[in-house]
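Notes for the one structure printed next.
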Amino acid sequence: MDLVQIPSTLRSGANLIGGRWQASATGRTLSVASPWTGGDIGAVPDSDGRDVQAVVEAAQAAFPGWRATPVKERTQLMFRFRELLLRDLDELGNLAALESGKTVAEGKAGVLKGVEVVEFALSLQNLDQGAMLEVSRGVTCEVRREPLGVVAGITPFNFPAMVPMWLFPIAVTVGNCFVLKPSEKVPLTACRLGELMVEAGFPPGVFSVVHGGREVVEALIDDARVQAVGFVGSTPVARAVYARATGHGKRALALGGAKNHLLVVPDADPELTYPGVVSSFTGCAGQRCMAASLMVAVGDVQHLVDGIVEYARRVQLGRDMGAIIDGAARDRIESAIAQAERDGARVLLDGRGATPPDGYQGGHWLGPTIIDGASADMACARSEIFGPVVTIVRVPTLEAAMRLENAHPYGNATSVFTTSGAVARYVAEHATNGMIGVNVGVPVPREPFSFGGTKDSKFGQGDVTGRASLDLWTNLKKITTKWALQRDTNWMS
């Protein structure tokens, strides 16, 4: 498997405002480092409220014309964008891996998942976005979906291509003008997406990119012209973004963190369980909200635990698993492992000190780590570690496992590994998390089924992809019409 390619020159990014790439009004820049090497790979503007005002003004100016563009014409541009994504898949996959620490294969997979959302957006031209019904003699009621105006997306470091494309293809296709604020840790992929949107022919201001930190996020949320905000990130920030946006009366959907439960029962098929569990907690170096970070071992499953440890021991850094986003994150993860040991848990497989791939020794590396013997109240079993670490909590029965899942504050995903249909059905019916898997370690729904959790993993109504996302980006307009006097009467007369 190919390792990420390191460019020989630094890549320079800019803000995309009104179809033009511009430096920040501040004159400042933010350096972008690669987790693979620890070295700088580029820079983007360090923007402030003046840049936000300029980008929103350009988007607001573009909205009337874009709203008036028939959906069939909007989707033609999105078709072109899809073609460009596939044309440049190798480049985008490497770029996403380079700045986020993913393997190249994971970088490409994120782009392809984004393409899947683009394809759902393309289907909107053929879906019934409204309805009309004769509700009484001579009286009709009609409903239409209409765009909101300027909307914004604030996206995290772990999926530089996929998460932005969870948001903007649907929002733009239904007629909004979209402002993307990517994580300052992975802004270069967002710039490339912006270049492809321009190349696809989207009018200036329909899609914009603005870089920066907290000041830019708050300015976007506070701007009265921004009608809706989509956010993906940690739970504390998701809660803050949702509260700030709804405090201004805006529509908001903020996806937070997770502590996904993966239940392993004695009758689980080893051939499904070993790769399913290991790929779930090591994929993307565990830096994803769908990673199974808490394994609930139900009953006598020691043989399965032993097999999982041996399978994880064969994971090779660089080939099978990428790097941690930065040194501070790696240090935090290692501290969480050490705390688990102090709390009385056992480290069955220790990724601290793992050997990095040749030529990438300067990067931020941590191998797969398995913690056993934890109790449900330990920090390693309750907190989101966000790294290639799985904690095992042992319980005697399936009912005890479900009580543990039900009581946990996070609510993204629950998976069960079993060969019993009755066990699978019991888990599906009693789980309180939003996404359920049966012999699937990462139960991410595919379009048109939507992505979203419950409890402290989601703030707001609806989901972020699929049909459930349409209510985030559109209003429903209801029209009741009567053209002639009718001789019979009812309450509508």
Percent carbon-and-sulfur accessible area, region 88-240, ignoring ligands, DNA and RNA, probe 1.4 Å: 55 percent
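Which entries of 72/185; 102/455; 108/478; 185/455; 113/455; 72/181 show an alpha-carbon separation above 32 angstrom in the structure shown?
Numbers: 72/185 36 Å; 102/455 28 Å; 108/478 42 Å; 185/455 27 Å; 113/455 25 Å; 72/181 28 Å.
Result: 72/185; 108/478 exceed 32 Å.
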Which distance in Å, rounded to a whole number, links the C-alpha centroids of region 179-210 and region 132-178? 19 Å
Solvent-accessible heavy-atom area per residue, rounded to whole Å², over the chain at 1.4 Å: 40 Å²
Any idea of residue 341's accessible area? Nearest 10 Å², probe 1.4 Å. 80 Å²
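How would region 15-168 be classified by its alpha-carbon gyration tensor: rounded, prolate or oblate, with rounded meaning a/c under 1.5 and the a/b versus b/c comparison settling the rest? Show your work: numbers first, answer last.
Values: a/c = 2.88, a/b = 1.64, b/c = 1.76.
Oblate.
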Hey, what did region 1-113 get for relative contact order, percent, Cα under 8 Å, at least 6 apart? 26 percent
Env charge @ residue 141, Cβ radius under 10 Å, K,R +1 / D,E -1, value -1
Just to be sure I follow the definition: excluding the sites themselves, where is the longest run in the chain that has none of the chymotrypsin sites (Phe, Trp or Tyr not before Pro) in a DSSP loop with at most 15 other Cβ atoms within 10 Å? 1-448
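Which of the trypsin sites (Lys or Arg not before Pro) found in region 425-493 are loop residues per DSSP with 15 or fewer other Cβ atoms within 10 Å of their Cβ?
Working: sites: 425, 446, 455, 458, 467, 477, 478, 482, 487; in loops: 446, 487.
In loop regions of region 425-493 (DSSP not H, G, I, E or B), the sparsely surrounded trypsin sites (Lys or Arg not before Pro) are 446, 487.
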Could you check the simple spin-label distance between residue 112 and residue 21, using points 7 Å along Cα→Cβ, in nm with one decimal? 2.8 nm
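If you roll a 1.4 Å probe over region 356-493 with all protein chains in place, what percent of the accessible area is carbon or sulfur? Walk me through the numbers before you get to the answer.
Details: 3510 of 6490 Å².
It is 54 percent, rounded to a whole number.
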Need one number: nm distance between label points at residue 481 and residue 313, each 7 Å from Cα along Cα→Cβ, rounded to one decimal. 7.3 nm
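Taking every pair of distinct Cα atoms and averaging 1/r, then inverting, what Kirkwood hydrodynamic radius in Å comes out for region 273-379? Display every interim value, and only then the final one.
Values: mean 1/r = 0.0693 Å⁻¹.
That comes to 14.4 Å for region 273-379.
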Treating only the Cβ atoms of Lys and Arg (+1) and Asp and Glu (-1) as charged, compute the dipole magnitude of the chain about its Cα centre; round to the nearest 20 debye. 1420 debye
For region 375-407 and region 236-297, compute the distance between their C-alpha centroids and round to whole Å. 13 Å
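Find the relative contact order for the chain and round it to a whole percent, using C-alpha pairs within less than 8 Å whose residues are 6+ positions apart. Each step should come with its number before you reach the end.
On the way: 1146 pairs, mean separation 87.8, N = 493.
Relative contact order of the chain: 18 percent.
The values are calculated or read from the model by the stated rules, or taken from the named source; none is laboratory data. This is a predicted model, so every value here is computed, not measured. All Cβ positions, even for glycine, are placed from backbone atoms using ideal geometry, and neighbour counts span all protein chains on display. SASA here: full protein model, heavy atoms, side chains in, ligands and nucleic acids out. Shrake-Rupley method; radii C 1.70, N 1.55, O 1.52, S 1.80 Å.
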